[in-house]
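First up is the structure itself, then whatever we jot down about it.
The values are calculated or read from the model by the stated rules, or taken from the named source; none is laboratory data. These numbers were taken from a predicted model, which means no experiment stands behind them. FYI the Cβ positions are ideal-geometry reconstructions off the backbone, even for glycines, and counts take in every protein chain you see.
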Amino acid sequence: MGGSMQIGEDELRRGMQTLGIDDAMAPALLAYRDLLVRWNRVYNLSAVREPVAMVPRHLLDSLSVLPWLPSGALLDVGTGAGLPGIPIALAQPDRSVTLLESNGKKVRFIRQACLELGLDNVVIAAARLESFTPAEPFDGIICRAFTDAAGFWQGVVRLLAPGGKALAMKGRRETEELAALDQAGVSCRWQPLVVPGLDAERHLLIMKGQKPVTG
């Protein structure tokens, strides 16, 4: 594995430094990447096949949202192969991260990844969003799989703690999505993201209920 881990290591460390992130977790991030590469050959977990391409498109893309995450417990909805939740959990070991995924083969992969990486701050929930009932609400909920921001908000608002935020990772800024959110009483803003090594637009849509929850 050592030789494989070296593929993209310089790019990852430079990218983490550009993002202002301590690169001490680079070996763990690359170990996760290498595990994903191996499983991907059989289970088709990611459309990105090349190990080097996974550095900006998966690892650095996930880490780029760190400055805008609210503190506290985080839920990653439809995490798939563990993105962005596993890179976030590796970079912030004191944060509780719940990975929500209903696909059996993807759940098996993220369980194995968390076991091999020793991620004791991660909870894996094998369930669909509509049937997921956690013991406690979340301070932040993130997703990079939903295409409809209003639908994402409607699906997760019941799981948010008072003052919590829902964050949708997007490519281009889509202003037409904001009308439906405004009608739903949601305060939202677009945060441009800079992902080192990725020549594509990336944004984070940050959503929060306008009316404070009382009682």
- Go through segment 158-215 residue by residue and tally those that are of a type outside the set (A, V, I, L, M) and in contact with a His (Cβ under 8 Å, 6 or more places away or on another chain). 7
- Note on the structure: Residues of segment 36-67 being surrounded by fewer than 19 Cβ atoms within 10 Å (Cβ to Cβ), aliphatic (A, V, I, L, M) and touching a residue at least 60 places away in the same chain (Cβ under 8 Å), in sequence order, are none
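Could you identify the single residue in GLY82, GLY78 that is within 24 Å of ASP148 (Cβ to Cβ) and surrounded by 23 or more Cβ atoms within 10 Å (Cβ to Cβ)? Break it down into steps so the answer makes sense when it comes.
Working: GLY78 fails: surrounded by 23 or more Cβ atoms within 10 Å (Cβ to Cβ).
Unique residue meeting the criteria: GLY82.
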- Could you tell me which numbered condition PHE146 fails, if it satisfies all but one of (1) farther than 30 Å from ALA53 by Cα; (2) touching a residue at least 60 places away in the same chain (Cβ under 8 Å)? (1)
- Note on the structure: Being in contact with a strand residue (DSSP E or B) (Cβ under 8 Å, 6 or more places away or on another chain) and either more than 30 Å from VAL42 (Cα to Cα) or at pLDDT below 95 (or both) narrows PHE132, PHE152 down to just PHE152
- Message: So for segment 50-69 (the condition being more than 23 Å from PHE138 (Cβ to Cβ) and polar (S, T, N, Q)), does at least one residue qualify?
- Response: no
- Residue satisfying all of: in segment 157-189; in a strand (DSSP E or B) and under 17 Å from the mean Cα position of the chain (by Cα); nearest to LEU83 (Cα to Cα) among these: MET169
